[in-house]
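In what follows, a structure is listed as structure tokens, so that the remarks can point back to it.
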Amino acid sequence: MARIGLTGLGTMGAALALNMADRGHQVAVHNRTAARAHEFIEGAGPLAERLTAAEDFKALAAALDRPRAVILMVPAGAPVDQTIEALLPHLDKGDLIIDAGNADFNETRRREAALAVQGVDFIGMGVSGGEEGARHGPSIMVGGPAESYEPIRDIIESIAATYQDSPCAAHLGPDGAGHFVKTVHNGIEYADMQLIAETYGILRAGGQTPAHIGELFEEWNRGPLHSYLIEISGRALQTADPDTGEPMVDVILDRAGQKGTGRWTLIEALKLGQSATTIEAAVAARSWSSMKEVRVAAEEILPGAADALHPVLDTDLECALLAARIIAYGQGFSLMQAASDHFEWSLDLARVAEIWRAGCIIRSALLDDIAKEVRDGLPHGLLILAPYFAKALGDHVPALRRVVSAAVSAGLPVPALAAALGYHDTMRRGRGTTDLIQAQRDFFGRHGFERVDREGSFSADWN
Ligand code: 6PG
């Protein structure tokens, strides 16, 4: 008998099943096309002895110890509901379904509530780290009833990445908390990728080759920017296309896809009255990237900047990227705090930072510092005001200003770097320009305003 089942043997599902088998667990695997499950086990080498193929959900249920636990690794949205519907008749009260794909946490909440009525437990579990992580140690963000997680906790912790011997897996809160945190992880991932890409764009505009930029990233990866995304960007930039010998990035079309997690982050940010502008800039940049033909045409129609790019120091770019990364993380953490307050999740954000230190896509040297600062308590709830980060921003924002100025003057698009700077400069200004917004609102709609010198709500006679 198997301790755990898994349905959905795509890239991530297959890697996760092998990871569990590798850690000594008996796993029953199922796939919509049954042949795939057999093929998968045939290709599993010595791990095959810990894997059982189930032709259908009846066989999957029959292969599992009770209470049963089944991991779903199927595409987000309708496929998850369809899989649950097909699996449910074969489950009993007290069994557990774990959705380990990326999911809109609103759907996770709905599914958990609907399954609870039937006595079946449901866990929304974010898994980060791509194929390599899923196979050898991802970061795992669990949400749902704590007691539902308990029976599988040892399996999940055994397959997770570790940071200083501590597993990068945690139960973070009830209902959609795990999937929400995973969504914000991906939002930060979008922002960080975009910030790195903009920095690369400035270096290329300055005449540097991809290979040289790759070497520079490799060097940065040995400093405070140390992170998985800088590492793989450096390696990607040093890779040549085997067909043409050209740098690989030069033969890749500048049009990026997105599966929706970045967009979900923004939607939830707006619903919660928050704004994650670095993430928004990154999502926008991906959407604009898809308008390839329009951009090619617009290049001929709209005039560019008159100025050439002023030389930008590599050290300025490194510092600018670090400052912007801190701000992107800060926006992500503010958003998670707002969701935690709103949904009463009591999210332990220091723990979130801790389980992101290894295994996940946004793992970086900063996360250990973030964990420490969050544990100590963030002044006014803002990461950027924590002593360590306030000092880092004080040191590095001047470089961010120089970099954004140079790029803007030369007409180079830097929406995420500029968004980070805009947020920083807005937050550090005790009195902004919203006095005029309030005047405008009162002018056209008598919406009222507060005064600096008296309590109460006022309206002016604008005519
Ligand atoms: C991870 C990744 C993973 C996946 C994203 C990519 O944490 O392992 O984020 O979840 O690669 O879904 O998302 P896009 O296709 O939207 O870029």
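Looking only at helices (runs of 4 or more DSSP H) that fall completely inside the stretch 1-108, which ones have 2 or more residues that are under 25 Å from GLY143 (Cα atoms) and at pLDDT 95 or above? Lay out the reasoning, then the answer.
Numbers: elements: 11-22, 34-42, 57-62, 78-87.
The qualifying helices (runs of 4 or more DSSP H) are 11-22, 57-62, 78-87.
Could you check how many residues of the stretch 407-423 are assigned to a helix (DSSP H, G or I), in contact with a helix residue (DSSP H, G or I) (Cβ under 6 Å, 6 or more places away or on another chain) and open to solvent by 10 Å² or more (accessible area, probe 1.4 Å)? Show your work before the answer.
Within the stretch 407-423, the subset assigned to a helix (DSSP H, G or I) is 407-409, 415-423.
Then drop every residue that is not in contact with a helix residue (DSSP H, G or I) (Cβ under 6 Å, 6 or more places away or on another chain), which leaves 407, 415-421, 423.
Those left that are additionally open to solvent by 10 Å² or more (accessible area, probe 1.4 Å): 415, 418-419, 421, 423.
The total comes to 5.
For the stretch 100-114: of the residues being of a type outside the set (Gly, Ala, Ser) and open to solvent by 10 Å² or more (accessible area, probe 1.4 Å), which is nearest to the ligand (Cβ to nearest atom)? It would help to see each step written out before you state the result.
Let us first name the residues in the stretch 100-114 that are of a type outside the set (Gly, Ala, Ser), namely 102, 104-112.
This time we only want the ones that are open to solvent by 10 Å² or more (accessible area, probe 1.4 Å), so: 102, 104, 106-107, 109-110, 112.
Values: ASN102: 5, ASP104: 12, ASN106: 17, GLU107: 15, ARG109: 20, ARG110: 21, GLU112: 21 Å.
The extreme case among them is ASN102.
Among the residues of the stretch 186-204, how many are open to solvent by 10 Å² or more (accessible area, probe 1.4 Å), charged (D, E, K, R) and within 16 Å of the ligand (Cβ to nearest atom)?
Number satisfying all stated conditions: 1.
How about the stretch 123-151: which of its residues are surrounded by 24 or more Cβ atoms within 10 Å (Cβ to Cβ) and near the ligand (Cβ under 9 Å from one of its atoms)?
GLY126, VAL127, SER128, GLY129, GLY133, ALA134, PRO138, SER139
Looking at the stretch 394-406, I want the residues that are in contact (Cβ under 8 Å) with a residue 12 or more places away in the chain and open to solvent by less than 50 Å² (accessible area, probe 1.4 Å) and have a partner that is assigned to a helix (DSSP H, G or I) and of a type in the set (Lys, Arg) with Cβ atoms under 8 Å, at least 6 apart or on another chain. Which pairs are those?
Here the result reads none, with nothing in the stretch 394-406 linked to a residue that is assigned to a helix (DSSP H, G or I) and of a type in the set (Lys, Arg).
With the structure loaded, tell me whether THR183 is within 16 Å of the ligand (Cβ to nearest atom) and of a type in the set (S, T, N, Q) or whether it fails that test. Write out each step before concluding.
Values: within 16 Å of the ligand (Cβ to nearest atom): yes; of a type in the set (S, T, N, Q): yes.
Considered against the rule, which asks whether it is within 16 Å of the ligand (Cβ to nearest atom) and of a type in the set (S, T, N, Q), THR183 comes out as yes.
Among the residues of the stretch 240-283, how many are hydroxyl-bearing (Ser, Thr, Tyr) and loosely packed, with under 14 Cβ neighbours inside 10 Å?
At the first step, the residues of the stretch 240-283 found to be hydroxyl-bearing (Ser, Thr, Tyr) are 244, 261, 265, 275, 277-278.
Then drop every residue that is not loosely packed, with under 14 Cβ neighbours inside 10 Å, which leaves 244.
So the count comes out to 1.
Which ones in the stretch 161-180 are closer than 20 Å to VAL74 by Cα and either within 15 Å of the ligand (Cβ to nearest atom) or open to solvent by less than 10 Å² (accessible area, probe 1.4 Å) (or both)?
GLY176, ALA177, GLY178, HIS179, PHE180
Given ILE188, ILE159, which one is in contact with a Lys or Arg (Cβ under 6 Å, 6 or more places away or on another chain) and in contact (Cβ under 8 Å) with a residue 40 or more places away in the chain? Outline the logic, then answer.
Numbers: ILE188 fails: in contact with a Lys or Arg (Cβ under 6 Å, 6 or more places away or on another chain).
Matching residue, one of ILE188, ILE159: ILE159.
If the requirement is being among the small types (Gly, Ala, Ser) and open to solvent by 40 Å² or more (accessible area, probe 1.4 Å), which of these qualifies: ALA324, ALA353, ALA320, ALA308?
Details: ALA324 fails: open to solvent by 40 Å² or more (accessible area, probe 1.4 Å); ALA353 fails: open to solvent by 40 Å² or more (accessible area, probe 1.4 Å); ALA320 fails: open to solvent by 40 Å² or more (accessible area, probe 1.4 Å).
ALA308 is the lone residue from the list that is among the small types (Gly, Ala, Ser) and open to solvent by 40 Å² or more (accessible area, probe 1.4 Å).
Which condition number does ALA35 fail, the rest of (1) open to solvent by less than 20 Å² (accessible area, probe 1.4 Å); (2) of a type outside the set (Phe, Trp, Tyr); (3) without any contact (Cβ under 8 Å) to a residue 12 or more places away in the chain being met?
For ALA35, the failing item is (1).
In this structure, is GLY119 in a loop (DSSP other than H, G, I, E, B) and either under 29 Å from ALA320 (Cα atoms) or not small (Gly, Ala, Ser) (or both)?
On the way: in a loop (DSSP other than H, G, I, E, B): yes; either under 29 Å from ALA320 (Cα atoms) or not small (Gly, Ala, Ser) (or both): no.
No; evaluated as a whole, the condition is false for this residue.
Give the number of residues within the stretch 234-288 that are of a type in the set (A, V, I, L, M, F, W, C), part of a loop (DSSP other than H, G, I, E, B) and within 12 Å of the ligand (Cβ to nearest atom).
1
Among (1) open to solvent by 40 Å² or more (accessible area, probe 1.4 Å); (2) more than 11 Å from the ligand (Cβ to nearest atom); (3) at negative phi; (4) not aromatic (Phe, Trp, Tyr), which single condition is GLY207 missing?
So GLY207 meets the others, but not (3).
Checking THR261 against (1) farther than 23 Å from SER334 by Cβ; (2) touching a Ser or Thr at 6+ places or on another chain (Cβ under 7 Å); (3) of a type in the set (S, T, N, Q), only one condition comes out false. Which one?
THR261 satisfies every listed condition except (1).
If you go through the stretch 441-454 one residue at a time, how many are in a helix (DSSP H, G or I) and either touching a His at 6+ places or on another chain (Cβ under 6 Å) or open to solvent by less than 80 Å² (accessible area, probe 1.4 Å) (or both)? Write out each step before concluding.
Our first condition is that a residue be in a helix (DSSP H, G or I); within the stretch 441-454, this holds for 441-445.
Now narrow it down to the ones that are either touching a His at 6+ places or on another chain (Cβ under 6 Å) or open to solvent by less than 80 Å² (accessible area, probe 1.4 Å) (or both): 441-442, 445.
Number of matching residues: 3.
Would it be correct to say that ILE370 is in a helix (DSSP H, G or I), open to solvent by less than 40 Å² (accessible area, probe 1.4 Å) and over 25 Å from THR162 (Cβ atoms)? Full working, then the answer.
Details: in a helix (DSSP H, G or I): yes; open to solvent by less than 40 Å² (accessible area, probe 1.4 Å): yes; over 25 Å from THR162 (Cβ atoms): no.
Against the criterion (in a helix (DSSP H, G or I), open to solvent by less than 40 Å² (accessible area, probe 1.4 Å) and over 25 Å from THR162 (Cβ atoms)), ILE370 does not qualify.
Just to verify a result, which residue in the stretch 333-367, among those that are outside any helix (DSSP H, G or I) and hydroxyl-bearing (Ser, Thr, Tyr), is farthest from ALA323 (Cα to Cα)? Lay out the reasoning, then the answer.
First, the residues of the stretch 333-367 that are outside any helix (DSSP H, G or I): 344-348, 356-365.
Within this subset, residues satisfying the condition of being hydroxyl-bearing (Ser, Thr, Tyr) are 346, 364.
On the way: SER346: 28, SER364: 14 Å.
Top of the filtered list is SER346.
Could you give every pair whose Cβ atoms fall below 7 Å, whose first residue belongs to the stretch 136-151 and is under 18 Å from VAL181 (Cα atoms), and whose second residue is modelled with pLDDT under 95 and of a type outside the set (Gly, Ala, Ser), counting only separations of at least 6 or pairs across chains?
GLY143/ASP175; GLY144/ASP175
Limited to the stretch 210-233, what total is found for residues that are open to solvent by 20 Å² or more (accessible area, probe 1.4 Å) and either within 24 Å of HIS310 (Cα to Cα) or part of a helix (DSSP H, G or I) (or both)?
9
From (1) without any contact (Cβ under 8 Å) to a residue 60 or more places away in the chain; (2) surrounded by 16 or more Cβ atoms within 10 Å (Cβ to Cβ), pick out the condition that doesn't hold for ALA63.
Every condition holds for ALA63 apart from (1).
The values are calculated or read from the model by the stated rules, or taken from the named source; none is laboratory data. Just so it is clear, the structure is predicted and the values come from calculations on it, not from any experiment. Every residue, glycine among them, receives a Cβ derived from its backbone with ideal geometry; neighbour counts consider all protein chains shown. Accessible surface areas use protein heavy atoms only, side chains included; no ligands, DNA or RNA. Shrake-Rupley method; radii C 1.70, N 1.55, O 1.52, S 1.80 Å.
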